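This report concerns only the one structure given below.
The values are calculated or read from the model by the stated rules, or taken from the named source; none is laboratory data. Computed from a predicted structure; not experimentally measured. Here the Cβ is made from the backbone with ideal geometry for all residues, glycine too, and neighbour counts use every protein chain on show. The accessibility values were calculated without ligands, DNA or RNA, using every heavy atom of the protein model including side chains. Shrake-Rupley method; radii C 1.70, N 1.55, O 1.52, S 1.80 Å.
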Amino acid sequence: VSALCATEAQTILSELHTIRDKVENVEVYMCLPLQDYKFFFDKSMVGHFQLNSWFHTAAARKAVKEDFGTVTFQPNHLHSAIGDLLSWRKVTVYLGACTPPDHTGHVSISCSLPYEKESLEAADIVILEVNENLPRVHGDTHVRIDDVNYFYESNHAVPTLPTPAPNENDFKIGGYCADLIQDGSTLQLGIGGIPSACAMALKDHKVKDIGTHTEMFTDTMVDLYEAGIITNKRKTLWKDKFVATFVLGSQRLYDFVHDNMAVELHRGPKIIDPSLMRQNYNMVSINTTIMIDLTGQAASESLGWVQYSGTGGQFDTGNSARECSSGTGGRSILTLYSANKGRSSIVPRLPEGSAVTFHRSSIDTVISEYG
């Protein structure tokens with residue numbers, strides 16, 4: 001199992017293909033691979049390595065499109081992905097990254113906890129890439145050095161993900177979202193043009209005392225904190241704290257979370273467990289979908305038969321918000337453009353092969369640029 005995004009063990013993953021002739025049928029479980037690692041990006045790796053992807057990125061999509069035969073998709077809800085895996089497979093090796101040890105003999109596995117801690121604890125062999133550029137993040141990120149089999153040093157820059165600038169439709173959708181968010185609500189928000197536009201609209205609306213309980217901690221949340229919109233002081237759970245399962249964004253974001261006592265990362269099975277998340281005061285979850293039909297079936301991860309991304313925590317967070325009963329009740333918002341590349345995104349029925357991410361029985365609020 002390999003760690004996610006900012007804590008990918010980039011050095012060893014970049015060299016994994018070099019042992020091809022020494023291994024057979026090695027399955028690498030990974031979410032959101034950020035690079036075209038040769039262990040899955042070369043046809044000669046068939047029979048030696050296979051990437052079992054929990055969430056496709058451009059690299060995984062390209063390998064599938066090129067028909068390398070090295071990538072498969074593993075459907076899951078993110079909060080239960082590692083539990084499902086451990087119920088039927090043994091983790092032999094865990095690969096991740098960490099900060100240098102502190103004076104107590106602990107390292108921080110830094111920016112990612114959706115499944116990392118469980119994988120590390122279950123693995124026969126734990127290998128961590130020590131990178132002094134990683135932020136030391138509070139929460140459940142600490143690992144005793146005695147629990148690690150091998151360390152090796154690396155000093156590459158922490159991977160960043162720029163926030164796209166909102167377009168005209170993003171601003172319209174973001175404004176409609178902001179209209180539905182009350183003072184004191186707890187917010188789950190992802191990355192992209194629409195979340196950024198929603199954050200800008202919240203500033204304009206002068207919404208107060210927003211809390212955060214989210215899958216992904218992003219630059220947008222720093223913007224809202226600095227604008228005085230996010231205070232976390234009216235939250236039900238982890239009052240006065242930002243809580244998330246992973247951090248991904250700019251260097252400014254990594255500087256913000258480094259040794260910040262107001263930011264905590266906790267395990268994915270805990271943070272985005274619907275039974276816990278729904279306890280938040282006025283929980284609001286804002287997610288994006290690709291296409292929706294007139295019965296309410298939402299396809300957020302595939303284009304017909306073609307797997308584009310993954311379920312991630314969308315259903316977990318959205319259903320938690322829909323079932324929230326604290327305060328005046330929560331709201332699950334799905335956003336989409338009414339059309340994409342000249343084709344309607346709102347259709348009588350989904351195309352054949354579409355993966356339904358959000359079932360029609362769980363749909364709450366859907367927003368396009370038209371309302």
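Residue-wise test of (1) more than 25 Å from Ile367 (Cα to Cα); (2) at pLDDT 90 or above; (3) touching a Gly at 6+ places or on another chain (Cβ under 7 Å).
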| residue | (1), (2), (3) |
| --- | --- |
| Cys177 | no, yes, no |
| Thr186 | no, yes, yes |
| Ala197 | no, yes, yes |
| Gly211 | no, yes, no |
| Thr214 | no, yes, no |
| Asp223 | no, yes, no |
| Lys239 | yes, yes, no |
Those residues of the stretch 254-274 that are open to solvent by less than 10 Å² (accessible area, probe 1.4 Å) and in contact with a Pro (Cβ under 9 Å, 6 or more places away or on another chain) come to a total of 5
Scanning the stretch 51-70 residue by residue, the ones that are closer than 26 Å to Gly249 by Cβ and surrounded by 20 or more Cβ atoms within 10 Å (Cβ to Cβ) total 7
Scanning the stretch 296-323 residue by residue, those open to solvent by less than 10 Å² (accessible area, probe 1.4 Å), in a loop (DSSP other than H, G, I, E, B) and closer than 14 Å to Ser275 by Cα turn out to be Gly313
*Does the stretch 71-86 contain at least one residue that is out of contact with any Phe, Trp or Tyr (no Cβ under 6 Å at 6 or more places or on another chain), under 28 Å from His266 (Cβ atoms), among the small types (Gly, Ala, Ser) and open to solvent by less than 10 Å² (accessible area, probe 1.4 Å)?*
no
Counted residues in the stretch 179-223 being closer than 18 Å to Asn287 by Cβ, in contact with a Lys or Arg (Cβ under 9 Å, 6 or more places away or on another chain) and of a type in the set (A, V, I, L, M) come to 4
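Enumerate the helices (runs of 4 or more DSSP H) found wholly within the stretch 109-225, keeping only those where 2 or more residues are under 30 Å from Leu86 (Cβ atoms) and either open to solvent by less than 40 Å² (accessible area, probe 1.4 Å) or in contact with a helix residue (DSSP H, G or I) (Cβ under 8 Å, 6 or more places away or on another chain) (or both). Quick ask: steps written out before the conclusion?
Values: elements: 116-122, 168-179, 193-205.
In the stretch 109-225, the matching helices (runs of 4 or more DSSP H) lie at 116-122.
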Of the conditions (1) hydrophobic (A, V, I, L, M, F, W, C); (2) open to solvent by 20 Å² or more (accessible area, probe 1.4 Å); (3) out of contact with any strand residue (DSSP E or B) (no Cβ under 8 Å at 6 or more places or on another chain), the single one that Met291 does not satisfy is (3)
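Can we say His48 is under 24 Å from Asp147 (Cβ atoms) and open to solvent by 10 Å² or more (accessible area, probe 1.4 Å)? Before you say what the answer is, go through the steps one by one.
Numbers: under 24 Å from Asp147 (Cβ atoms): no; open to solvent by 10 Å² or more (accessible area, probe 1.4 Å): yes.
No, not satisfied.
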Note on the stretch 1-31: residues open to solvent by 30 Å² or more (accessible area, probe 1.4 Å) and assigned to a loop (DSSP other than H, G, I, E, B) are Val23, Glu24, Asn25
Of those in the stretch 231-253 that are in contact (Cβ under 8 Å) with a residue 40 or more places away in the chain and either crowded, with 20+ Cβ neighbours inside 10 Å or outside any loop (DSSP other than H, G, I, E, B) (or both), the residue farthest from the chain's Cα centre (by Cα) is Lys235
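Determine, yes or no, whether Ser275 is of a type in the set (Gly, Ala, Ser), free of Cβ contacts under 8 Å to residues at least 60 places away in the same chain and not in a loop (DSSP other than H, G, I, E, B). Don't jump to the end; show me each part of the working.
Working: of a type in the set (Gly, Ala, Ser): yes; free of Cβ contacts under 8 Å to residues at least 60 places away in the same chain: yes; not in a loop (DSSP other than H, G, I, E, B): yes.
In short, yes.
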Residue hits (the stretch 324-371; open to solvent by 70 Å² or more (accessible area, probe 1.4 Å), touching a Lys or Arg at 6+ places or on another chain (Cβ under 8 Å) and not in a loop (DSSP other than H, G, I, E, B)) are Arg331
